[in-house]
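A.B. asks: Take a look at this one; I'll ask things after.
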Protein chains: 2
Amino acid sequence: MRCFVTGGAGFVGSHLVDRLLDDGRPVTVYDDFSTGRRAFLDAAAARPGFRLVEGDVRDEPRLRAALAGHDAVFHLAGNADVRRGTEDPRRDLERNTLATSAVLEAMRAAGVRRIAFFSTGSVYGEPAVFPTPEQAPFPVQTSLYGASKLAGEGLVAAYCAGFGFQGRVFRLVSVLGERYSHGHVVDFVRKLRADPHRVEVLGDGSQRKSYVDVRDCVDAVVLACAHGSGPVDIFNVGTDEHCSVDESLDWICERLGTRPERRYTGGTRGWPGDSPFIHLDCSRLRALGWRPRVSIREAVQRTVDYLQRNAWLLELA
Amino acid sequence: MRCFVTGGAGFVGSHLVDRLLDDGRPVTVYDDFSTGRRAFLDAAAARPGFRLVEGDVRDEPRLRAALAGHDAVFHLAGNADVRRGTEDPRRDLERNTLATSAVLEAMRAAGVRRIAFFSTGSVYGEPAVFPTPEQAPFPVQTSLYGASKLAGEGLVAAYCAGFGFQGRVFRLVSVLGERYSHGHVVDFVRKLRADPHRVEVLGDGSQRKSYVDVRDCVDAVVLACAHGSGPVDIFNVGTDEHCSVDESLDWICERLGTRPERRYTGGTRGWPGDSPFIHLDCSRLRALGWRPRVSIREAVQRTVDYLQRNAWLLELA
């Protein structure tokens, strides 16, 4: 199976690329390096079967040409940051919704019909059911990011119904681990390196989130792609754990050896569209035999260690 | 309340315009006449408080200028035909998803924050629950039309969360009545006028659909806009009845005085993405006191009578 990974130079994408190469699959990475990093592909680039095409997914002729001859697309390219949507509402629309449409159209033109789409638990908005299953009540969107990924899911499903595509949709919680380069752990580590004595916490610190280690996440995706049954299969990807922002900050401070004073911006949400509680029901994945191997605490602290060793990411991010 | 109606020259839009004017509201219609008809506005145009701006909703500067000074937007402009999505996948994306984004951005720029968004029961895909409530399990899209309206709903909700908008979302079944100009009744009447002896039926004729009369629909929208409570309120709009394609054809033939031989294209779906069964739970609307006054049979036959009196629509559609 010749694999095509959009956003393959990103945090999750580059781990997926490594894993597909480990499994003996030829892999083409398509990335515009707007947020992806060449350094994340250093190991992959030295291996047989690897190919890199630099390009924007919305450049349809380029994408179509690059896609020819592949069997499956893993579509990760896009804006992955749920915050800041209101700063520029076009960003999520263009980088997620329109980009997904462009990928699907290029696939149709190139005769490639298998797609794994990387969506988000943010599509559940503020759910009423915890842990939240894939068949939760029809959600109401609370962020432009969630709305843009929901739109992408809808397009993938419609191409499955209308054009005989086979789709796998993954609704991820936040992912942690090596090459992590945006989100709360980066923010806290950056702040604490600048001032170890005091730190600002968005919201009241009680928001509860779930996280998954990047290698556990990639295991889940590869397993589900091998086992899904319908034309469209949807999988939550998360752990059975959740932690508060304050707990996560405890673990980060422990690793950094700091005891800062915490200043809270207040409110139950860290930003407009922030979900006060995220906890996904991942029993569909578990039924396939998947188990996360890394706890949230371990994932947070491994991420801190990685950022300490790769301080250049703190400056770039 | 100064009202702004995108797609106000369309079938449903023009009835809404008439109703708002009846209620003493000043109304601006914004329409590009790509599917709307000037004739549908003849009565409205003669009344005080009516204003027409000809334009495409994706022309943001023009839309923004026209919007200034209004209190609420009724956004109906877009592709309203669920069939033919696969002929040109860009159509639903551009006319529905991107157009809705453009309307929301223009509203934000113009400081208008109340929107009634006309969505569709097609967003439920092929639901497992009948009658289907607004809180049905998270649906899987089966048409590009449904996907494009789902994306629009997501954008509306995200603007409510992120920018303090107040949204009303209406998920309509197919609408019938005067000025109806596309859909199965037009198709059958056109075919039977061409050949009263035989008629082709898409699918096996057993698909069951629900319909609502256009004036009942407009009543529902006006009532719900006056009563909704949350930042985003979602309402199904349909009747408690449903009928098969064959039953509907019986009523059409009865009205036309024909007894054609029926030839079925076969299968449980009339086209890719057709839902074999549509029946929405409208108890949220009913709890506000709304009752449809026109039965499906009556709505079908009134539509036939209207098309007989306005045969020009059969040629144009």
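A.B. asks: Can you name every residue in segment B:158-171 that is aliphatic (A, V, I, L, M) and either more than 7 Å from chain A (Cβ to nearest Cβ) or out of contact with any Pro (no Cβ under 9 Å at 6 or more places or on another chain) (or both)? Don't jump to the end; show me each part of the working.
C.D. replies: So the first thing to find is which residues in segment B:158-171 are aliphatic (A, V, I, L, M), and the list is B:158, B:161, B:169.
Within segment B:158-171, just B:169 meets the criteria.
A.B. asks: While we're on this one: Can you tell me which residue among A:152, A:162 is without any contact (Cβ under 8 Å) to a residue 12 or more places away in the chain and either not charged (D, E, K, R) or not assigned by TED's automatic domain parsing to the domain that holds residue A:62 (or both)?
C.D. replies: Values: A:152 fails: without any contact (Cβ under 8 Å) to a residue 12 or more places away in the chain.
Matching residue, one of A:152, A:162: A:162.
A.B. asks: Which of the helices (runs of 4 or more DSSP H) contained wholly in segment A:56-145 include at least 2 residues that are in contact with a helix residue (DSSP H, G or I) (Cβ under 8 Å, 6 or more places away or on another chain) and within 14 Å of chain B (Cβ to nearest Cβ)? Can you show your working first?
C.D. replies: Numbers: elements: A:60-67, A:89-92, A:99-110.
Output list reads A:89-92, A:99-110.
A.B. asks: Quick check on this structure: which one of B:285, B:223 is in the same structural domain as residue B:119 (by TED's automatic domain parsing) and in contact (Cβ under 8 Å) with a residue 12 or more places away in the chain? Spell out the reasoning first.
C.D. replies: On the way: B:285 fails: in the same structural domain as residue B:119 (by TED's automatic domain parsing).
Going through B:285, B:223 in turn, the sole match is B:223.
A.B. asks: Could you check segment B:266-286 and list, in sequence order, the residues that are surrounded by 12 or more Cβ atoms within 10 Å (Cβ to Cβ) and at pLDDT below 95? Reasoning before the result, please.
C.D. replies: Here is the first cut: in segment B:266-286, the ones surrounded by 12 or more Cβ atoms within 10 Å (Cβ to Cβ) are B:267-286.
Correct list: B:267, B:268, B:269, B:270, B:271, B:272, B:273, B:274, B:275, B:276, B:277, B:278.
A.B. asks: Could you list, in sequence order, all residues of segment A:146-157 that are within 19 Å of residue A:225 (Cα to Cα) and either within 7 Å of chain B (Cβ to nearest Cβ) or outside any helix (DSSP H, G or I) (or both)?
C.D. replies: Taking segment A:146-157 as the starting set, the residues that turn out to be within 19 Å of residue A:225 (Cα to Cα) are A:152-157.
Once the filter is applied, which keeps residues that are within 19 Å of residue A:225 (Cα to Cα) and either within 7 Å of chain B (Cβ to nearest Cβ) or outside any helix (DSSP H, G or I) (or both), segment A:146-157 yields A:154, A:155, A:157.
A.B. asks: Okay, moving on. Against the definition (surrounded by fewer than 17 Cβ atoms within 10 Å (Cβ to Cβ) and within 14 Å of chain A (Cβ to nearest Cβ)), how does residue B:289 come out, yes or no? Break it down stepwise before answering.
C.D. replies: Values: surrounded by fewer than 17 Cβ atoms within 10 Å (Cβ to Cβ): yes; within 14 Å of chain A (Cβ to nearest Cβ): no.
No; evaluated as a whole, the condition is false for this residue.
A.B. asks: How many residues does segment A:182-201 hold that are within 20 Å of residue A:274 (Cα to Cα) and of a type in the set (D, E, K, R)?
C.D. replies: First, the residues of segment A:182-201 that are within 20 Å of residue A:274 (Cα to Cα): A:182-188, A:199-201.
When the remaining residues are screened for being of a type in the set (D, E, K, R), the result is A:187, A:200.
Of the residues in that region, 2 qualify.
A.B. asks: Out of A:206, A:181, which single residue is within 30 Å of residue B:101 (Cβ to Cβ), touching a residue at least 60 places away in the same chain (Cβ under 8 Å) and either part of a helix (DSSP H, G or I) or assigned by TED's automatic domain parsing to the domain that holds residue A:300 (or both)?
C.D. replies: Working: A:206 fails: within 30 Å of residue B:101 (Cβ to Cβ).
Result of the check over A:206, A:181: A:181.
Every residue, every condition in (1) closer than 28 Å to residue A:162 by Cα; (2) surrounded by fewer than 20 Cβ atoms within 10 Å (Cβ to Cβ); (3) acidic (Asp, Glu), yes or no:
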residue: B:112; (1), (2), (3): no, no, no
residue: B:117; (1), (2), (3): yes, no, no
residue: B:121; (1), (2), (3): yes, no, no
residue: B:125; (1), (2), (3): yes, no, no
residue: B:129; (1), (2), (3): yes, yes, no
residue: B:159; (1), (2), (3): no, no, no
residue: B:165; (1), (2), (3): no, no, no
residue: B:177; (1), (2), (3): no, no, no
residue: B:180; (1), (2), (3): yes, no, no
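A.B. asks: Okay, next question. Let me confirm something: among B:63, B:52, B:16, which residue is closer than 30 Å to residue A:100 by Cβ and either in contact with a Leu (Cβ under 9 Å, 6 or more places away or on another chain) or surrounded by 17 or more Cβ atoms within 10 Å (Cβ to Cβ) (or both)? Give the steps one after another, and end with the answer.
C.D. replies: On the way: B:52 fails: closer than 30 Å to residue A:100 by Cβ; B:16 fails: closer than 30 Å to residue A:100 by Cβ.
One residue alone meets the criteria, B:63.
A.B. asks: Right, another one. All but one of (1) in contact (Cβ under 8 Å) with a residue 12 or more places away in the chain; (2) within 27 Å of residue B:157 (Cα to Cα) hold for residue A:40; state the number of the condition that does not hold.
C.D. replies: Failed condition: (2).
A.B. asks: Any residue at all in segment A:227-235 that's surrounded by fewer than 20 Cβ atoms within 10 Å (Cβ to Cβ), more than 14 Å from every other protein chain (Cβ to nearest Cβ) and in a loop (DSSP other than H, G, I, E, B)?
C.D. replies: no
A.B. asks: Across segment A:202-243, what is the total count of residues that are over 30 Å from residue A:272 (Cα atoms) and among the β-branched types (Val, Ile, Thr)?
C.D. replies: The total comes to 2.
The values are calculated or read from the model by the stated rules, or taken from the named source; none is laboratory data. These figures come from a predicted structure and were not determined experimentally. When we count neighbours, we look across all protein chains shown, and the Cβ atoms used for this are built from the backbone with ideal geometry, even at glycine.
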